[in-house]
1. With the structure loaded, tell me whether residue 117 is farther than 18 Å from residue 243 by Cα and either assigned to a strand (DSSP E or B) or free of Cβ contacts under 8 Å to residues at least 24 places away in the same chain (or both) or whether it fails that test.
2. Here is a check on your reading of the model: is residue 2 part of a loop (DSSP other than H, G, I, E, B), loosely packed, with under 15 Cβ neighbours inside 10 Å and at pLDDT below 65?
3. Within segment 176-229, considering only strands (runs of 3 or more DSSP E) that don't extend past its boundaries, which have at least 1 residues that are surrounded by fewer than 19 Cβ atoms within 10 Å (Cβ to Cβ) and without any contact (Cβ under 8 Å) to a residue 40 or more places away in the chain?
4. I need the full set of residues from segment 73-92 which are free of Cβ contacts under 8 Å to residues at least 40 places away in the same chain and part of a loop (DSSP other than H, G, I, E, B), in order please.
5. Please go through segment 155-175 and give me each residue that is surrounded by 24 or more Cβ atoms within 10 Å (Cβ to Cβ) and either assigned to a loop (DSSP other than H, G, I, E, B) or modelled with pLDDT under 95 (or both), ordered by number.
6. Take residue 84 and tell me if it is within 22 Å of the chain's Cα centre (by Cα), under 27 Å from residue 164 (Cβ atoms), surrounded by 14 or more Cβ atoms within 10 Å (Cβ to Cβ) and at pLDDT 95 or above.
């Protein structure tokens with residue numbers, strides 16, 4: 001297979017629809033520009049400096065405050081025991097961090113994060129990792145609805161099943177589901193990649209603007225303006241690498257997965273000027 005340049009690679013995995021022109025929100029930097037790779041008020045942490053605490057007798061605000069205090073002390077690896085399915089745990093972390101929750105989380109866990117690697121041994125409720133910017137979140141069991149809503153970057157992995165509207169308004173990054181997904185997964189998806197190893201519910205990819213959805217099982221039904229395409233060799237290679245990273249496999253092989261993209265009819269793409277397309281996307 002002929003080697004692809006960087007732009008061709010990003011096109012083939014659905015990262016963008018066209019070259020940006022004029023004013024852009026992209027930031028270009030070199031490997032030496034390390035000061036812009038982290039938030040201004042982030043903590044200098046050591047991953048070998050580990051801390052653990054029990055959340056059984058405190059509320060969610062106290063848990064998040066404790067995590068911040070431990071980061072301020074330089075702890076780069078933190079384990080939270082007995083999270084008790086509390087809501088809004090692990091939110092707003094704008095720092096490099098290895099964080100584990102030994103148990104389940106409630107609604108809105110790990111939202112608005114930028115940088116941490118989070119492991120959850122149990123289940124999560126609605127809207128896990130909403131508006132995540134970068135890092136990884138790995139859920140060992142099942143997840144509720146709107147998993148990864150408005151995701152912007154990073155890898156969000158659920159090794160079990162997920163509820164409806166997974167990846168709604170997704171703007172980038174990667175969502176991987178080891179089991180089944182509910183109805184309207186990928187609804188109004190704008191960018192990024194979603195990988196569903198099991199079956200997908202009805203209205204998959206409904207009203208999606210852009211991005212790519214891969215499905216290893218059966219698709220109960222496609223949404224408005226969602227269409228199927230053949231998987232390319234590059235995409236099969238990317239899928240194999242990404243799944244191996246999280247010890248997952250496609251049941252019938254990556255080459256036999258279904259690929260769903262936007263038909264680009266709903267939003268009248270052909271009638272828009274390039275600058276107008278960027279406003280739509």
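The values are calculated or read from the model by the stated rules, or taken from the named source; none is laboratory data. Note that this is a predicted model, so its numbers are computed, not measured. As a convention, Cβ positions derive from the backbone with ideal geometry for all residues, glycine included, and neighbour counts pool all protein chains shown.
1. no
2. It is true that residue 2 is part of a loop (DSSP other than H, G, I, E, B), loosely packed, with under 15 Cβ neighbours inside 10 Å and at pLDDT below 65.
3. Where strands (runs of 3 or more DSSP E) fall fully within segment 176-229 and carry at least 1 residues being surrounded by fewer than 19 Cβ atoms within 10 Å (Cβ to Cβ) and without any contact (Cβ under 8 Å) to a residue 40 or more places away in the chain, they are 226-229.
4. 73, 74, 82, 83, 84, 86, 87, 88, 89, 90, 91, 92
5. Those that are surrounded by 24 or more Cβ atoms within 10 Å (Cβ to Cβ) and either assigned to a loop (DSSP other than H, G, I, E, B) or modelled with pLDDT under 95 (or both): 162, 165, 166, 167, 170.
6. no
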